[in-house]
Amino acid sequence: MKHSFFTLALRNIFRNKRRTSITLLSIVSGMVCLIVFGGFVEYSFWGLRESTIRSQLGHIQVYKKGYSEKGVANPSKYLIDDFQRMEGLFYKIPYVELVTARLSFSGLISTGENSLICKGDGVIPEKEAKLASFEEIVDGEGLFEEGKEEVVIGSEMQKSLGARIGDDLTILTTTPSGMMNAVDIKLVGIARSGAKDYDSVFAKLPLSVVQRLLFTTEVEKIVILLDKTEHTQEVAQQLNLLFKEKGLNMELKTWNDLAPFYQAVVRLYIGIFGVIKVIIAILVLFSIANTMTMSVFERVKEIGTLRAIGTKKSGILKLFLWEGFLIGIMGAVMGIIAGILIAQGINLCGGIYMPPPPAMTTGYNALILIVPGVLLYAFLSTIVISTISACYPALRATRLSIVESLGHN
Amino acid sequence: MSIVSARQVSKEYKLGKTTVLAVQKINLEVEKGEFVCICGPSGSGKTTFFNIIGCLDKPTEGTVQIMNQDVSGLSDAQLSELRNKSIGFIFQTFNLMPVLTAYENVEYPLWILGKEKRERRRIVLKMLEDVGLLEHKDHKPDELSGGQRQRVAVARALVTMPALVLADEPTANLDSKTGVAILELMRKMNDEFSTTFIFSTHDPQIMEYAQKIYHISDGRFIEEESRKRG
């Protein structure tokens with residue numbers, strides 16, 4: 001044998017197999033909780049983020065400079081007149097999948113009997129299906145043809161209006177010059193984003209129809225969709241560089257800037273996850289400390305013998321810290337395997353049904369994402385906690401009197 | 001050369017409100033190569049005195065020198081080194097590490113001492129051969145008989161070639177035949193390596209092996225006798 005406190009510790013761990021198994025079971029349970037809950041949280045973040053991006057916001061929105069500050073009060077002054085040119089420039093940037101435009105307005109939508117305030121969006125029909133991939137058409141169909149006087153409205157709005165597919169609706173709004181204008185339009189689709197507030201007010205019309213309604217040929221914002229959300233910051237930087245290089249009087253906002261609700265949810269979940277992590281850490285810590293303390297009590301005489309034949313206090317300390325560390329490693333490896341298997345099992349069963357979150361209209365089946373960051377965190381924290389748990393018993397072992405230890409039975 | 005020199009050594013214990021004098025003003029000089037027995041009934045102070053001269057415990061009064069070095073001023077780490085290098089222990093209950101084989105148990109003090117692996121192997125195999133357990137080198141303690149375990153303990157005590165081996169009732173847990181065999185082994189090692197042995201017993205048959213016998217009672221030496229070795 002290659003003598004070392006490592007090998008001695010390893011053999012000591014397997015001396016009392018039942019106790020070690022129980023300790024490992026508690027570590028594995030803790031890790032499974034961490035991995036499954038971490039994966040659930042990550043899926044929730046992903047779902048909320050992607051549904052926000054792919055139903056309303058896109059990854060990046062580009063506006064005329066000053067729009068963010070003053071455009072809400074007077075949007076007509078900050079309209080973009082050269083969308084076609086910019087579209088061509090933006091498509092040259094890597095990771096950009098889609099560039100589309102929007103022109104929004106506020107107005108009234110009416111069936112003749114019922115009227116509601118609406119937030120209308122002029123969209124490019126052939127691009128909208130790709131941008132709003134998380135938006136579900138619950139009745140009718142989406143917009144297909146530019147120029148046709150058709151509208152898709154939110155499911156909550158449809159309930160309030162009492163409108164049906166094929167009904168003729170009227171939209172009334174104010175043009176930038178202050179005139180009232182109206183358009184008669186056919187209801188072709190009812191859509192649901194899942195966000196109740198949004199579904200209560202939105203109406204999507206072909207861009208050219210909205211431009212005619214507002215007496216303009218310009219657009220309000222350019223919406224960019226990327227291949228992956230992770231590329232948002234990189235593309236935003238490239239866009240800012242492009243604005244400088246080409247002297248474009250533009251500004252941008254990322255989905256992150258436009259989704260305060262998402263940020264609030266993330267902060268809440270991270271807080272909850274943090275509390276759960278601490279609780280699990282405490283449980284694992286006490287479990288291992290208990291095992292190690294029992295182990296010290298059982299081996300008092302051995303500790304005395306090791307000290308008598310020349311082992312220093314530091315040697316005894318190393319021995320027990322190695323034992324804690326090794327239990328941690330074994331538990332962490334087993335926990336990772338068990339965590340992944342259980343997460344996959346849950347996913348294979350279709351996930352966990354979750355009721356609608358606040359301000360949402362539909363529940364969802366939450367899947368458990370296998371997140372490398374969560375696995376690494378669970379792995380490393382288990383080893384660290386396990387080693388820390390061994391500190392107190394290890395210190396106790398070094399403080400035992402040799403004479404009393406040798407006389408211990 | 002004096003291996004152990006104990007002067008006016010006393011040890012008190014507090015038991016609740018009572019103070020127990022376990023050892024009272026004992027003087028002892030043991031020279032290199034001596035084979036000494038300290039005998040006395042249970043509770044007479046043998047083990048307490050062994051613990052003090054084995055640097056496992058400190059006297060309340062008096063001084064102990066091991067190989068002319070006063071041990072009272074040594075730190076815990078220095079005492080550990082001294083025990084590892086210069087003192088071998090044989091315990092009544094063998095005290096082998098259950099997770100280590102016979103070979104590994106004997107090797108352990110050499111590893112603590114920092115000997116390199118090849119050197120350790122040479123010494124350990126020789127030592128196991130000397131105690132007649134070479135073929136049991138891969139057995140764990142629970143696979144060995146009491147006598148075999150004590151042989152492993154003897155090999156472990158001697159493996160670092162210490163100046164002094166302390167054996168506290170080494171035969172108490174063995175039958176008389178095995179006990180005699182262990183004493184003969186210890187004496188053989190005493191002859192072969194000139195290692196000083198101090199052992200304790202209250203078995204008259206075992207005492208016969210000693211060159212010098214100190215009788216202890218109520219924590220005091222009451223008689224000293226010298227014998228010719230048989």
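Miscellaneous remarks
- Candidates A:I279, A:I303, A:I329, filtered to the one that is farther than 30 Å from A:G71 by Cα, within 14 Å of chain B (Cβ to nearest Cβ) and not small (G, A, S): A:I303
- Members of the range B:97-120 found to be assigned to a helix (DSSP H, G or I), open to solvent by 50 Å² or more (accessible area, probe 1.4 Å) and within 16 Å of B:R83 (Cβ to Cβ), listed by number: B:W111, B:L113
- Condition broken by B:L56, with the remaining ones in (1) in a helix (DSSP H, G or I); (2) under 16 Å from the mean Cα position of the chain (by Cα) satisfied: (1)
- B:G147 passes every criterion in (1) at the interface with chain A (Cβ under 8 Å from one of its Cβ atoms); (2) within 21 Å of the chain's Cα centre (by Cα); (3) farther than 21 Å from B:T47 by Cα apart from (1).
- Taken over the range B:54-91, the criterion of being more than 25 Å from B:G114 (Cβ to Cβ), within 14 Å of another protein chain (Cβ to nearest Cβ) and buried (at least 18 other Cβ atoms within 10 Å of the Cβ) is satisfied by B:D57, B:P59.
- When A:G112, A:G107, A:G122 are checked against the criterion of being open to solvent by less than 40 Å² (accessible area, probe 1.4 Å), more than 30 Å from A:I352 (Cα to Cα) and more than 30 Å from the chain's Cα centre (by Cα), a single residue qualifies: A:G107.
- Within the range B:213-230, if we keep just the residues that are closer than 16 Å to B:E31 by Cα and touching a strand residue (DSSP E or B) at 6+ places or on another chain (Cβ under 6 Å), the residue that is surrounded by the fewest Cβ atoms within 10 Å (Cβ to Cβ) turns out to be B:S226.
- Scanning the range B:183-209 for residues that are touching a Leu at 6+ places or on another chain (Cβ under 7 Å), of a type in the set (A, V, I, L, M, F, W, C) and under 24 Å from B:G43 (Cα atoms) turns up B:I198, B:I206.
- Of the residues making up the range A:223-232, one or more are open to solvent by less than 30 Å² (accessible area, probe 1.4 Å), under 18 Å from A:S76 (Cα atoms), in the same structural domain as A:E97 (by TED's automatic domain parsing) and in contact (Cβ under 8 Å) with a residue 40 or more places away in the chain.
- Of everything in the range B:39-53 that is crowded, with 21+ Cβ neighbours inside 10 Å and over 20 Å from B:R83 (Cα atoms), the residue that is farthest from the other protein chains (Cβ to nearest Cβ) is B:C39.
One line per residue, one yes/no per condition, for (1) under 13 Å from the mean Cα position of the chain (by Cα); (2) farther than 22 Å from B:C37 by Cβ:
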position	(1), (2)
B:H136	no, yes
B:H139	no, yes
B:A155	yes, no
B:L164	yes, no
B:E169	yes, no
B:K177	no, no
B:V180	no, no
B:E184	no, no
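- Qualifying residue in the range A:48-70 (condition: in a loop (DSSP other than H, G, I, E, B), within 14 Å of chain B (Cβ to nearest Cβ), open to solvent by 20 Å² or more (accessible area, probe 1.4 Å) and farther than 19 Å from A:S287 by Cα): no
- Within the range A:209-323, helices (runs of 4 or more DSSP H) holding 3 or more residues that are in contact with a Pro (Cβ under 7 Å, 6 or more places away or on another chain): A:260-298
- Options A:F90, A:F83, A:F40; residue that is touching a residue at least 60 places away in the same chain (Cβ under 8 Å), buried (at least 19 other Cβ atoms within 10 Å of the Cβ) and outside the structural domain of A:K228 (by TED's automatic domain parsing): A:F40
- Complete set of residues in the range B:194-212 that are open to solvent by 50 Å² or more (accessible area, probe 1.4 Å) and in a helix (DSSP H, G or I): B:P204, B:Q205
- Looking only at residues in the range A:70-105 that are touching a helix residue (DSSP H, G or I) at 6+ places or on another chain (Cβ under 9 Å) and polar (S, T, N, Q), the one that is farthest from A:E251 (Cα to Cα) is A:S104.
The values are calculated or read from the model by the stated rules, or taken from the named source; none is laboratory data. Keep in mind the model is a prediction, meaning the values are calculated, not measured. With ideal geometry, Cβ positions are generated from the backbone for all residues, glycine too; neighbour counts draw on all protein chains shown. Keep in mind that these areas ignore ligands, DNA and RNA; they rest on the heavy atoms of the full protein, side chains included. Shrake-Rupley method; radii C 1.70, N 1.55, O 1.52, S 1.80 Å.
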